[in-house]
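Here is the structure we will look at.
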Amino acid sequence: MSSRLSSPSLGGVTVTQSLLELRAILDNATIGIMFTRNRQVVQANARVAEMFGYQRDALIGLAGTELFPSLEAYEALGHVLVPLLKQRKGYRGELQMKRQDGSHFWCRISAKDIDPSRPLEGTIWIMEDVTEDRLIQQALRQSHEKLEQRVAERTADLLAANVKLQDEVFERMQTEQRVWQMAHHDALTGLPNRALLQDRLDQALVQASRYSHQVAVMFIDLDRFKEINDTLGHAGGDELLKEVAARLKVAVRAVDTVARLGGDEFVVVLNEISGADDIVLVAEKIIATLGQSAHIENHELHVTPSIGISIYPDDGADSVQLMKNADTAMYHSKSAGRNTFRFFAPAMNDEASRFFKLEHRLIAALERGELVLHYQSLVDLDRRAVCGMEALVRWFDPERGLISPDEFIPIAEESGLILTVGEWVLHQAMRQNRLWQEQGHPLIPISVNLSPRQFQQKSLVGTIRNILADTAQPAHLLELEITESTLMHDVNETLDKLKELAAMGVKLAIDDFGTGYSSLSYLKRFPVHKLKVDRSFVRDLCDDREDAAIAAAIIGLARNLDIDILAEGVENEQQLSMLLNFGCRKFQGYYFAHPMTPDKSALLFHPLHLGAQDSLF
């Protein structure tokens, strides 16, 4: 009995369940589905309501004319639709429809009667909003029309000026060639750039692997080029680089590649070499070729290279590793004295690793306060008194003990830590001078070396002003020692910075004078208070006539320009005697005092040899 009263079943599924499933399908369809009868909406899914902007309940029973922009549009569709439906054909097309808010949109419509034999049963409509597609098509059509118009105009121009066609084609080929040239060659020298070098090196390695050849990569850096560039200016430096590029091309074979990476860095790739002897011949030829004097802007220049060499496959299986190892070898070439070449060896990477580790230990040393200052007395024999102190940084590592500045200062320079170290030295030296003053010692200036990177900082003047204020020290008790080559970097900016410092009252000394490339005309313009004769001239003063002549000339120059003069590196009485004969009266060196900790103030302010030089006057 109960089975007779239950819902009808279709294949085990009730009609109610089927209707629910159909409703779920309609409601979740991504296209609009609508059923109309007698020109009214009977059913519609959620997508139709969304497209037309109606609530679904409000859409049911709505007259079909309400969905069209106008009655005329509705009737126009009817004239097309009805005959097709009578012929049992469906309708498909794109029409403008109207939303509830009156706005129009484009809709792709498919319509078909439920039962073509009984049209009054109603019509099924499948709808899809294609407004965005139409807009895209319209934009494409407009673009196409504009393009067609431009093509037509251009075609007309070409027909009118057919004689110029070949010239334009040729010009385009030249332009493409120039673009390719610019993309793959260095603008200054015309040599292959990094991109083209990479391509050629990769090709050379493929060939070498296939035919069991060796390939050599030579990394070339010009020695002291920055000093030359700063002295001659960028224009002169550029001319020198072009001359170097031309000479490198002459020194190698046509099958080899000479490239410029930038600045004064060049790379040579030697293809199909049979062994190290071939490479040595090329390296020696490059050194000899570049060593010939070059006449640039009325200057006779001598440029030398430092060359690092790596070989495929021994030193690397790919271009990246070969370039890296050649670069590493080049730095060892510079360390070996420049104007030479070095083959890469695995131990060089160990050295690079040591550099990296020492850099990180130096960072930790700064945090732990392991850096200390020692002071070396500067003496004035005329007054028989200490006329200043030079602050010298030292590093006492808990594991290694005293680490030489020659070892960690270059690392600090290259890593940028020198800025932190240098600022700390300035602070510490000025604080120590204040402590000495509080202990009753005489007022004397403290000399502090400025690294090139420190001096080039835009904030240098402000930093020094703040340090003097923080330590309550007058500016005239600070003497900044700047190397000759540092002064020649961007002379105009250097001059402005020196004038600012001098206006504050800070004393300025040129350290290592005579070892750089400065012009005497610039020396007159710089507000310099002191020249320091470099220890390299003092060391062999008694045995080398040239060193003696240079030292005498520097001392005479300073006296004539009314600039204070001091000789550093004085270690014995013979050196002192000759310097006194040249007219120098101020000195620094082991003969008078070694660098000492600040607690040794008795010896710092009263060196043992001071006052015992009566026989020398």
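So here's what we get for this one:
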{"item": "Dimensionless Rg/Rh of the chain - Kirkwood Rh, Rg from C-alpha atoms", "result": "1.31"}
{"item": "Positive-end extreme of charge dipole, the chain - chosen from G90, F513, P398 (charges on Cβ)", "result": "G90"}
{"item": "Ranking of M51, M173 by count of other Cβ atoms within 10 Å, fewest first", "result": "M173, M51"}
{"item": "Over the range 527-617, relative contact order from alpha-carbon pairs under 8 Å, at least 6 apart, %", "result": "25 percent"}
{"item": "Projected label distance in nm at A469 and T420, using a 7 Å step from Cα toward the beta-carbon", "result": "2.5 nm"}
{"item": "Semi-axis lengths, Å, the range 371-616, gyration tensor of Cα atoms, sqrt of 5 times eigenvalues", "result": "26, 23, 18"}
{"item": "FRET efficiency, D27 to R99 (Cβ-Cβ, R0 22 Å, nearest 0.05)", "result": "0.65"}
{"item": "Ranked I311, I136, criterion: other C-beta atoms within 10 Å, fewest first", "result": "I136, I311"}
{"item": "Pairwise Cα inverse-distance average, inverted: Kirkwood Rh of the range 63-201 (Å)", "result": "21.3 Å"}
{"item": "Enclosed volume per residue, in Å³, of the convex hull spanned by Cα atoms of the range 31-129", "result": "79 Å³"}
{"item": "Two-decimal ratio, the range 341-439, of alpha-carbon radius of gyration to 2.2 N^0.38 Å", "result": "1.38"}
{"item": "Beta bridges by DSSP in the chain, antiparallel share as percent, to the nearest 5", "result": "75 percent"}
{"item": "Helical contribution to [θ] at 222 nm, DSSP H n ≥ 4, -39,500 (n - 2.57), averaged over the chain, rounded to 500", "result": "-15500 deg cm²/dmol"}
{"item": "Electrostatic dipole magnitude of the range 226-344 [Cβ: Lys, Arg +1; Asp, Glu -1; Cα centre; debye, to 20]", "result": "60 debye"}
{"item": "Along principal axes, Cα extents of the range 192-344, largest first, whole Å", "result": "50, 29, 22"}
{"item": "FRET efficiency, L557 to K499 (Cβ-Cβ, R0 30 Å, nearest 0.05)", "result": "0.85"}
{"item": "Nearest 10 degrees, 0 to 90: helix 234-251 Cα axis against the chain principal axis", "result": "80 degrees"}
{"item": "Whole-Hz ³J(HN,Hα) from phi, Karplus 6.51 cos²θ - 1.76 cosθ + 1.60, for the range 71-83, glycine and proline x", "result": "4, 4, 5, 5, 5, 4, 5, x, 4, 8, 6, 4, x"}
{"item": "Only Lys, Arg (+1) and Asp, Glu (-1) charged, at Cβ; the chain dipole about Cα centre in debye", "result": "2560 debye"}
{"item": "Inter-label distance for R210 and H144, nm, one decimal - labels placed 7 Å from Cα along Cα-to-Cβ", "result": "4.6 nm"}
{"item": "Separation in nanometres of the label points that stand 7 Å from Cα toward Cβ, at K458 and S70", "result": "6.7 nm"}
{"item": "Residue-span extension gain [R39 to A58] - 0.36 nm each, minus C-alpha spacing", "result": "5.3 nm"}
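Computed from the coordinates by the stated procedures, all read-outs in this text should not be read as laboratory data. Nothing here was measured: the structure is a model prediction, and the numbers come from that model. Using ideal geometry, Cβ is built from the backbone for each residue, glycine included, and neighbour counts are taken over all protein chains shown.
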